[in-house]
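K.L.:
Okay, handing you the structure first.
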Amino acid sequence: MRKPLIPVSEAIARIAEAMRVMPNEEVSLSEASGRIIANDAIAALTNPPADQSAMDGYAARGEDVSDLPCVLRLAGESAAGHPWTAPLDPGTCVRISTGANIPEGADRILILENTLSDHNSEQIEVLEASGKDQFIRRKGQDFHAGDILVNQGTRLNGRQIGLLSAAGHHRLLVRRKPVVAILSTGSELVEPGTNPSAAQIISSNSIMIAEMVTSMGATAMPLPPIPDHKNALLDAINGITNADLLVLTGGASVGKHDLVAGMMKDHDGLDFWRIAMRPGKPMIFGHITIGSVPSEPTTTPMLGLPGNPVSSGVCTLIFVRAAIRAMLGLSPDPVTRKAVVTTDLPANDQREEYMRGMIRYDDASGLNHFTPLLSQDSGKMKDFALAEALMIRPAHADALSAGSMVDIICLNSADS
Ligand code: AMP
Ligand code: MG
């Protein structure tokens, strides 16, 4: 008897558990975008480094401006990068610019529009004073040396990299990107740029998966497609070096030319096969020893995805993503949001379904509305490319009426 299909959540957990977390490497700030920071990033510097002015104007002492209007003598200037270092004498002020250090004794910033001065005059007439801490940025009000600024496991963006540079970082410790080798199998496949005969199709999976895994934080290693011959498959696999994960597409099912499950079984590397999922049922997970040097075999995790491009794509978004996230030390579970489904749905069978559809934000309710595409035919690449979200229809779910809340995975959002 056939083994029962593996639930999607169990498959995600088993894949994640089998992955090795990538070692760390140091990168420069300019290489850090999108990388996962390996440790809590601590400020080496304090910002601002001293009490500074937030406006252009004059720095003065509060007791000198308590009776207004009054006149102060201009003693000099504190400019950004060129501070006035002497304490402020009674009855005096210094011209100050935004970002300049506030002289000792000064606790008021008088903004230009509240003062009068003749050109070249050393006399500043003060019409209105400001409050004690107004327009003053206190030392360390942004962050202090020793503060944790970015938590370990964060995918770095420009704002965070800017912050870390301001805090004195020059190089950052990040997780090494996992290298994902992508190999399409199928005697009908030719590479993009080739003119296919009527019996051939372009191998679109490799480029699609390469793009997806790159945006997930991996390094893609797409390889040329190989025909459905056992030896061609073994030769291609043996030629792969330094991959952390091998993604095969095609040949995952039970047809006469489907070699991948057989190969995994032959090599005792099959962890599980066949998922309770639509699309994507024939997916395989296992480990395979690759490399042509018998004395130095490396066992590499392998995901065998169905060749059908929509199935391959959905499996990449769920399972290849889980593997990559686990290797980066991140949660492997999909990021889901709630949406209101706009159509009635029939009860579901044992396979969790990932329905392609469109989302529209509804102003009146403040909720996202999800409309499944009319056809859920997994042969329709155009619909898959057009789709904005995948709706997760749990296994054995009851029929749903329009207006019910469902879980969706947004396809165009950055939170992959
Ligand atoms: P298979 O999983 O090998 O049975 O393939 C299922 C379907 O997907 C067949 O129609 C294949 O021609 C197609 N297919 C397989 N591999 C690819 C690929 N790399 N790119 C595009 N379509 C593919
Ligand atoms: Mg095939």
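The values are calculated or read from the model by the stated rules, or taken from the named source; none is laboratory data. A quick note: this is a predicted structure, and the numbers were derived from the prediction, not measured. Positions of Cβ are backbone-derived with ideal geometry, glycine not excepted, and every protein chain shown enters the neighbour counts. Ligands, DNA and RNA are stripped out before the accessible areas are found, and what is left, the full protein with its side chains, is counted by its heavy atoms. Shrake-Rupley method; radii C 1.70, N 1.55, O 1.52, S 1.80 Å.
K.L.:
With the requirement that a residue be open to solvent by 50 Å² or more (accessible area, probe 1.4 Å), under 21 Å from residue 12 (Cα atoms) and in contact (Cβ under 8 Å) with a residue 60 or more places away in the chain, what does region 238-272 give you?
P.N.:
Of everything in region 238-272, just one residue is open to solvent by 50 Å² or more (accessible area, probe 1.4 Å), under 21 Å from residue 12 (Cα atoms) and in contact (Cβ under 8 Å) with a residue 60 or more places away in the chain, namely 271.
K.L.:
Keeping to region 336-368, report how many residues are closer than 17 Å to residue 276 by Cα and surrounded by fewer than 17 Cβ atoms within 10 Å (Cβ to Cβ).
P.N.:
3
K.L.:
Now, a different point. Of (1) within 18 Å of residue 288 (Cβ to Cβ); (2) in contact (Cβ under 8 Å) with a residue 24 or more places away in the chain; (3) assigned to a helix (DSSP H, G or I), residue 235 satisfies all except one. Which?
P.N.:
Unmet condition: (2).
K.L.:
Ok, one more. Would you be able to say whether some residue in region 193-208 is of a type in the set (Gly, Ala, Ser), in a strand (DSSP E or B) and either open to solvent by 10 Å² or more (accessible area, probe 1.4 Å) or touching a residue at least 60 places away in the same chain (Cβ under 8 Å) (or both)? Let's see the steps before the verdict.
P.N.:
Let us first name the residues in region 193-208 that are of a type in the set (Gly, Ala, Ser), namely 193, 197-199, 203-204, 206.
Filter once more, keeping what is in a strand (DSSP E or B): none.
No.
K.L.:
Follow-up. Answer with yes or no whether residue 349 is over 26 Å from residue 210 (Cβ atoms) and more than 16 Å from ligand 2 (Cβ to nearest atom).
P.N.:
yes
K.L.:
Considering (1) in contact with a Phe, Trp or Tyr (Cβ under 7 Å, 6 or more places away or on another chain); (2) over 30 Å from residue 35 (Cβ atoms); (3) not β-branched (Val, Ile, Thr), say which one residue 276 fails and leave the rest.
P.N.:
(1)
K.L.:
Among the residues of region 184-208, count how many are among the β-branched types (Val, Ile, Thr) and within 16 Å of ligand 2 (Cβ to nearest atom). Break it down stepwise before answering.
P.N.:
Taking region 184-208 and keeping what is among the β-branched types (Val, Ile, Thr), we get 185, 190, 194, 201-202, 207.
Of the ones still in play, those that are also within 16 Å of ligand 2 (Cβ to nearest atom) are 185, 190, 201-202.
Residues flagged as among the β-branched types (Val, Ile, Thr) and within 16 Å of ligand 2 (Cβ to nearest atom) within region 184-208 amount to 4.
K.L.:
A further question follows. Within region 53-67, is even one residue surrounded by 22 or more Cβ atoms within 10 Å (Cβ to Cβ), aromatic (Phe, Trp, Tyr) and either under 50 Å from the mean Cα position of the chain (by Cα) or closer than 21 Å to residue 113 by Cβ (or both)?
P.N.:
Scanning region 53-67, I find at least one residue that is surrounded by 22 or more Cβ atoms within 10 Å (Cβ to Cβ), aromatic (Phe, Trp, Tyr) and either under 50 Å from the mean Cα position of the chain (by Cα) or closer than 21 Å to residue 113 by Cβ (or both), so the answer is yes.
K.L.:
Within region 355-404, count every residue that is within 16 Å of ligand 1 (Cβ to nearest atom), small (Gly, Ala, Ser) and farther than 24 Å from residue 6 by Cα.
P.N.:
Pass one, region 355-404, residues within 16 Å of ligand 1 (Cβ to nearest atom): 377-385.
Checking which are small (Gly, Ala, Ser) leaves us with 378-379, 385.
Within this subset, residues satisfying the condition of being farther than 24 Å from residue 6 by Cα are 385.
Residues meeting the conditions: 1.
K.L.:
In region 287-297, is there at least one residue being modelled with pLDDT of 90 or more and charged (D, E, K, R)?
P.N.:
Initially, region 287-297 is screened for residues modelled with pLDDT of 90 or more, giving 287-288.
The next check asks that each one be charged (D, E, K, R); those that pass are none.
Among the residues of region 287-297, not one is modelled with pLDDT of 90 or more and charged (D, E, K, R), which makes the answer no.
Residues are listed down the side, and each one gets a yes or a no for (1) within 14 Å of residue 186 (Cβ to Cβ); (2) within 11 Å of ligand 1 (Cβ to nearest atom):
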residue	(1), (2)
217	no, no
222	no, yes
234	no, no
245	no, no
248	yes, yes
258	yes, yes
264	no, no
267	no, no
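K.L.:
Out of all the residues in region 210-228, is one or more closer than 23 Å to residue 271 by Cα, open to solvent by 30 Å² or more (accessible area, probe 1.4 Å) and away from ligand 2 (no atom under 16 Å from the Cβ)?
P.N.:
No, region 210-228 contains no residue that is closer than 23 Å to residue 271 by Cα, open to solvent by 30 Å² or more (accessible area, probe 1.4 Å) and away from ligand 2 (no atom under 16 Å from the Cβ).
K.L.:
For region 68-85, name all the residues that are of a type in the set (S, T, N, Q) and surrounded by fewer than 15 Cβ atoms within 10 Å (Cβ to Cβ).
P.N.:
Narrowing region 68-85 to residues of a type in the set (S, T, N, Q): 78, 85.
Once the filter is applied, which keeps residues that are of a type in the set (S, T, N, Q) and surrounded by fewer than 15 Cβ atoms within 10 Å (Cβ to Cβ), region 68-85 yields only 85.
K.L.:
Might you let me know whether region 173-180 holds any residue that is open to solvent by 40 Å² or more (accessible area, probe 1.4 Å), in a helix (DSSP H, G or I), closer than 28 Å to residue 325 by Cβ and in contact (Cβ under 8 Å) with a residue 24 or more places away in the chain?
P.N.:
Pass one, region 173-180, residues open to solvent by 40 Å² or more (accessible area, probe 1.4 Å): 173, 176-177.
Still in the list and also in a helix (DSSP H, G or I): none.
No, region 173-180 has no match at all.
K.L.:
Could you count how many residues in region 103-140 are in contact (Cβ under 8 Å) with a residue 24 or more places away in the chain and in a strand (DSSP E or B)?
P.N.:
Adding up the residues that qualify gives 11.
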